[in-house]
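**Q** Provided herewith is a single structure, encoded as structure tokens, for subsequent inquiry.
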Amino acid sequence: MSAATPTSEAQPGGRLPIVGVMGSGGDAHDELAGPLGRWLAYQEVHLLTGGGRGAMEAVSRAFHGVSARRGLVIGILPGSDVEGAPPRGYPNPWIEVSIRTHLPARGQRGSDADSRNHVNVLSSDVVIALPGGPGTASETALALEYGRPVVAWRPGGRDPTLPADTRQVPTFVEVQAFVRSNLNRLAARARGLA
């Protein structure tokens, strides 16, 4: 299937599925985020990230760069102490829909009740975890807790910082198959077939 052949269908009312991509706020992981963002742009989905720098920005830039896409780049932004303004570096320049929150916890506190990571995961129909730190690990754990389909793309092998029952795959082809399968399941459910 070519990159231009969409694998998802709009849900009732024309709603496109949302694929959340979680990853490092520091390291861009361009070798993963670039191809992933471009491919997702052709899948007729919205892209959701935490709206920051690093892998979040890299996947957003790649997705945004596809002019034929239907989906939008959504950023769920953490709160800060400054009159409702997001922290420095948020949103990255590729975010088209910024959703500001009052939830400041990040990183080591990513699973806390005052973290936007809950919103990131609960708003996503499918979650992809690129390499990252404690915040990405917490989003992966939350996806499992909330029953969201989640796959971690780890070309270098298993990541011991992720929950043991996280599906971890080394290749882009496996990520694509996981996303396609879950988007097809979502579409079938929306049509009342599953």
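The values are calculated or read from the model by the stated rules, or taken from the named source; none is laboratory data. Predicted, not measured: the structure shown is a model, and the values here were computed from it. Quick reminder, even Gly has a Cβ in these numbers, built from the backbone with ideal geometry, and neighbours come from all protein chains shown. All accessible areas refer to the heavy atoms of the entire protein, side chains included, with ligands and DNA or RNA removed. Shrake-Rupley method; radii C 1.70, N 1.55, O 1.52, S 1.80 Å.
**Q** Restricting to segment 113-136, name every residue that is assigned to a helix (DSSP H, G or I) and in contact (Cβ under 8 Å) with a residue 60 or more places away in the chain. Break it down into steps so the answer makes sense when it comes.
**A** Here is the first cut: in segment 113-136, the residues assigned to a helix (DSSP H, G or I) are 117-122, 134-136.
If the condition is that a residue be assigned to a helix (DSSP H, G or I) and in contact (Cβ under 8 Å) with a residue 60 or more places away in the chain, then Asn117, Asn120, Val121, Gly135, Thr136 are the ones that fit.
**Q** Which residues, taken from segment 88-121, are in contact with a Leu (Cβ under 8 Å, 6 or more places away or on another chain) and surrounded by fewer than 20 Cβ atoms within 10 Å (Cβ to Cβ)?
**A** Glu96, Val97, Ser98, Ile99, Arg100, Thr101, Ser111, Asp114, Val119, listed by residue number.
**Q** Related question: Looking at segment 45-65, which of the residues that are in contact with a Leu (Cβ under 7 Å, 6 or more places away or on another chain) and in a loop (DSSP other than H, G, I, E, B) is surrounded by the fewest Cβ atoms within 10 Å (Cβ to Cβ)?
**A** Of everything passing the filter in segment 45-65, Val45 is surrounded by the fewest Cβ atoms within 10 Å (Cβ to Cβ).
**Q** Can I ask one more? Using beta carbons and a limit of 7 Å, which pairs, at least six apart or on different chains, have the first residue in segment 58-81 and closer than 10 Å to Leu48 by Cβ and free of Cβ contacts under 8 Å to residues at least 60 places away in the same chain and the second one among the aromatic types (Phe, Trp, Tyr) and crowded, with 22+ Cβ neighbours inside 10 Å?
**A** Within 7 Å, the pairs are Val73/Phe63.
**Q** Filter segment 137-194 down to the residues that are buried (at least 17 other Cβ atoms within 10 Å of the Cβ), among the small types (Gly, Ala, Ser) and either without any contact (Cβ under 8 Å) to a residue 24 or more places away in the chain or more than 18 Å from Leu16 (Cα to Cα) (or both) and list them by number.
**A** Answer for segment 137-194, where residues must be buried (at least 17 other Cβ atoms within 10 Å of the Cβ), among the small types (Gly, Ala, Ser) and either without any contact (Cβ under 8 Å) to a residue 24 or more places away in the chain or more than 18 Å from Leu16 (Cα to Cα) (or both): Ala137, Ser138, Ala141, Ala143, Ala152.
**Q** Pro78: open to solvent by 20 Å² or more (accessible area, probe 1.4 Å), over 13 Å from Gly23 (Cβ atoms) and of a type outside the set (A, V, I, L, M, F, W, C), yes or no? Before you say what the answer is, go through the steps one by one.
**A** On the way: open to solvent by 20 Å² or more (accessible area, probe 1.4 Å): no; over 13 Å from Gly23 (Cβ atoms): yes; of a type outside the set (A, V, I, L, M, F, W, C): yes.
Answer is no for this residue.
**Q** Continuing with the same structure: If I filter segment 17-44 down to residues being touching a helix residue (DSSP H, G or I) at 6+ places or on another chain (Cβ under 7 Å), of a type outside the set (A, V, I, L, M) and without any contact (Cβ under 8 Å) to a residue 40 or more places away in the chain, which single residue comes out as surrounded by the fewest Cβ atoms within 10 Å (Cβ to Cβ)?
**A** Asp30
**Q** State all residues of segment 110-122 that are more than 18 Å from Ala152 (Cα to Cα) and out of contact with any strand residue (DSSP E or B) (no Cβ under 6 Å at 6 or more places or on another chain); if no residue qualifies, say none. First the steps, then the outcome.
**A** Keep residues of segment 110-122 that are more than 18 Å from Ala152 (Cα to Cα), which gives 112-116, 119.
Within segment 110-122, just Ala113 meets the criteria.
**Q** On the given criteria, is Arg148 over 21 Å from Ile74 (Cβ atoms) and of a type in the set (Lys, Arg)? So that I can check it myself, show each step before the final result.
**A** Working: over 21 Å from Ile74 (Cβ atoms): no; of a type in the set (Lys, Arg): yes.
So Arg148 does not fit the description; no.
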